[in-house]
Amino acid sequence: MENLDFYNWFDKISIKLETRKDSFYQIFKYLDKIPEPITIVETGCLRIKDNFSGDGQSTLLFDKYTQSRKNNSKVYTVDINPSATKVCSEIVSENVSINTGDSVKYLNTLSKEFFKNKTDVSLFYLDSFDCDWKSPYQSAQHHLKELVSIKKILNKQTLVVVDDSPIIGYLQQSNVKKDTLEFMKPGLVPSPTISGKGSLVHEYAVHTGAKILFSNYQTGWVGFN
Ligand SMILES: C[S@@+](CC[C@H](N)C(=O)[O-])C[C@H]1O[C@@H](n2cnc3c(N)ncnc32)[C@H](O)[C@@H]1O
């Protein structure tokens, strides 16, 4: 598969991605600028066939993308649930290394190996531990632990994306049109920030000078190191 064939395929299915459509497109456009081999590491694999709008089918998207890039471009994914890794293995190609286990432990081991053999990771896509929107902290903490596990192999251009991480803020009715809402000026209330799975990853990004590349329902940062 050539890069152009990937985009022909992506354009056909992207409507099904709904709220993730534009951010997945930005992920691939960013990866296009990175020289091969492209290495993608993902936590939380495709677990339900054809569930494009609910989950995203990220493993399938990354599988197709890396097949369109040369020089041993590859995907590594991990999921704690054996039924999820089984479903995933029936859908994606052998270009995806599928692992069953806890993501923090897996990333810790993989990072040591990649550090030793100087493997550059182009994209970390963190999407494990489902987010309970009424109490998102356990999920946010888990994703921060994932970031800690990969910290030493992040380089300047590594893109880190966390799913289920939209911008959150305090809103007010706009003065002109009362049926529209706008962010309130920070001061009385905190500034808008990132919520959900990536909320603590974002706090860390703010402290370390990493920058948001995009934020829709998924948020992507570069420059952690
Ligand atoms: C939202 S789903 C992943 C969806 C997938 N990325 C997609 O686009 O189709 C989250 C997955 O994370 C897995 N998970 C939860 N806790 C985990 C952990 N500690 N380590 C690894 N995977 C975990 C769940 O089993 C579940 O399959």
Taking region 53-69 as the search range and keeping residues that are assigned to a loop (DSSP other than H, G, I, E, B) and either open to solvent by less than 10 Å² (accessible area, probe 1.4 Å) or small (Gly, Ala, Ser) (or both), which one is farthest from the ligand (Cβ to nearest atom)? Ser68
Can you name every residue in region 70-83 that is within 11 Å of the ligand (Cβ to nearest atom) and farther than 15 Å from Tyr125 by Cβ? Ile80, Asn81, Pro82, Ser83
Going through region 42-52 in order, the residues found to be more than 14 Å from the chain's Cα centre (by Cα) and either within 8 Å of the ligand (Cβ to nearest atom) or on the phi < 0 side of the Ramachandran plot (or both) are Arg47, Ile48, Lys49, Asn51, Phe52
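Confirm whether Gln141 is polar (S, T, N, Q), open to solvent by 70 Å² or more (accessible area, probe 1.4 Å) and within 13 Å of the ligand (Cβ to nearest atom). First the steps, then the outcome.
Details: polar (S, T, N, Q): yes; open to solvent by 70 Å² or more (accessible area, probe 1.4 Å): yes; within 13 Å of the ligand (Cβ to nearest atom): yes.
Taking the combined requirement at face value, the residue satisfies it.
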Only residues in region 115-129 that are modelled with pLDDT of 95 or more count as the first member; pair them with residues that are of a type in the set (Lys, Arg) and open to solvent by 90 Å² or more (accessible area, probe 1.4 Å), Cβ under 7 angstrom, at least 6 apart or cross-chain, and list the lot. Phe115/Lys152
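Residues in region 113-127: is at least one of a type in the set (Ser, Thr, Tyr), within 12 Å of the ligand (Cβ to nearest atom), in contact with a strand residue (DSSP E or B) (Cβ under 8 Å, 6 or more places away or on another chain) and over 22 Å from Leu31 (Cα atoms)?
No: region 113-127 contains no residue that is of a type in the set (Ser, Thr, Tyr), within 12 Å of the ligand (Cβ to nearest atom), in contact with a strand residue (DSSP E or B) (Cβ under 8 Å, 6 or more places away or on another chain) and over 22 Å from Leu31 (Cα atoms).
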Conditions (1) in a helix (DSSP H, G or I); (2) within 16 Å of the ligand (Cβ to nearest atom); (3) within 25 Å of Asn155 (Cβ to Cβ); (4) open to solvent by 10 Å² or more (accessible area, probe 1.4 Å); number of the one not met by Ser97: (1)
Given (1) away from the ligand (no atom under 16 Å from the Cβ); (2) over 19 Å from Ile150 (Cβ atoms); (3) of a type in the set (Val, Ile, Thr), identify the lone condition not met by Thr39. (2)
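The values are calculated or read from the model by the stated rules, or taken from the named source; none is laboratory data. All of these numbers come straight from a predicted model, not from anything done at the bench. So basically every Cβ, Gly included, is an ideal-geometry build from the backbone, and we count neighbours across all protein chains shown. Heads up: the accessible areas ignore ligands, DNA and RNA and are worked out on the full protein's heavy atoms, side chains in. Shrake-Rupley method; radii C 1.70, N 1.55, O 1.52, S 1.80 Å.
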